[in-house]
Amino acid sequence: MKNANPVSHPLLVAVVLVALALSAACARKDTGAASAPPINAAAPKSVAHFFPIRIGEHTVRMQLAVRPAEHQRGLMERRDLGRDDGMIFIYEKPQQLSFWMKNTPAPLDIGYINASGVLEEIYQMHPFDETTVSSRGTQLQFALEMNQGWFRAAGVKPGARLDLAALAAALRERGMDPAQFGLGSVTATR
């Protein structure tokens, strides 16, 4: 009895070999493209995660507000900020910064920091106050919100330095490129 769909054995082998060769060529061609993360790679951390970052002589557990929605939300509705916990707002370019306390029940202080990591200004902010607290400076890139009185109690004054290397490492853990924020080649400050 004859096979209803005759395929010669040598032809079948040739088709399989061509398919394997094309598959291997495509795999080699894709190596220059962005590859998928390794299976064991940890997922990027979110705005909810805390990172230990020094400012002056103190290590603060900072949450990073980087994306516009994170900037907008900030510490709204938060009552649970720990003694040495804060949120740092990170911008791509230096600018004048303005903040308010809409829907924010905890009294806060805000420190405005320049692109070099130097704390320039500190202001008090009051619960639910929708009056803007603007920086005097126009070349500020970071804003650190802490519990009201923290800067004074910790002795962190204008001139204190933010550890930009730790901030860059935290951005990488968030899955972001520190170079996007001018932090591509920073070294630790002490």
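The values are calculated or read from the model by the stated rules, or taken from the named source; none is laboratory data. What you are looking at is a predicted structure, and each value in this text was computed from that prediction instead of being measured. Here Cβ is always computed from backbone atoms with ideal geometry, including for glycine, and neighbour counts include all displayed protein chains.
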Condition (residue is free of Cβ contacts under 8 Å to residues at least 40 places away in the same chain and under 21 Å from the mean Cα position of the chain (by Cα)) applied to the stretch 89-109: is it met by at least one residue?
yes
Filter the stretch 128-159 for residues that are among the small types (G, A, S) and within 22 Å of V66 (Cβ to Cβ); which is nearest to the chain's Cα centre (by Cα)?
A143
Which of the residues that make up the stretch 58-84 are of a type outside the set (S, T, N, Q) and part of a strand (DSSP E or B)?
H58, V60, R61, M62, L64, A65
The listed residue being under 22 Å from the mean Cα position of the chain (by Cα) and either more than 28 Å from L167 (Cβ to Cβ) or modelled with pLDDT of 95 or more (or both), out of L12, L64
L64
Out of E120, E145, which single residue is part of a strand (DSSP E or B) and in contact with a Pro (Cβ under 7 Å, 6 or more places away or on another chain)?
E120
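Can you confirm whether D129 is surrounded by fewer than 18 Cβ atoms within 10 Å (Cβ to Cβ) and under 22 Å from P44 (Cβ atoms)?
No, not satisfied.
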Pick from the stretch 85-114 the residues that are in a loop (DSSP other than H, G, I, E, B) and in contact with a Leu (Cβ under 8 Å, 6 or more places away or on another chain): which of them is surrounded by the fewest Cβ atoms within 10 Å (Cβ to Cβ)?
Q96
Failed criterion for P158 (all others in (1) touching a strand residue (DSSP E or B) at 6+ places or on another chain (Cβ under 7 Å); (2) part of a strand (DSSP E or B) hold)
(2)
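For residues in the stretch 176-190 being surrounded by fewer than 14 Cβ atoms within 10 Å (Cβ to Cβ) and in a loop (DSSP other than H, G, I, E, B), which is modelled with the lowest pLDDT?
Within the stretch 176-190, the match that is modelled with the lowest pLDDT is R190.
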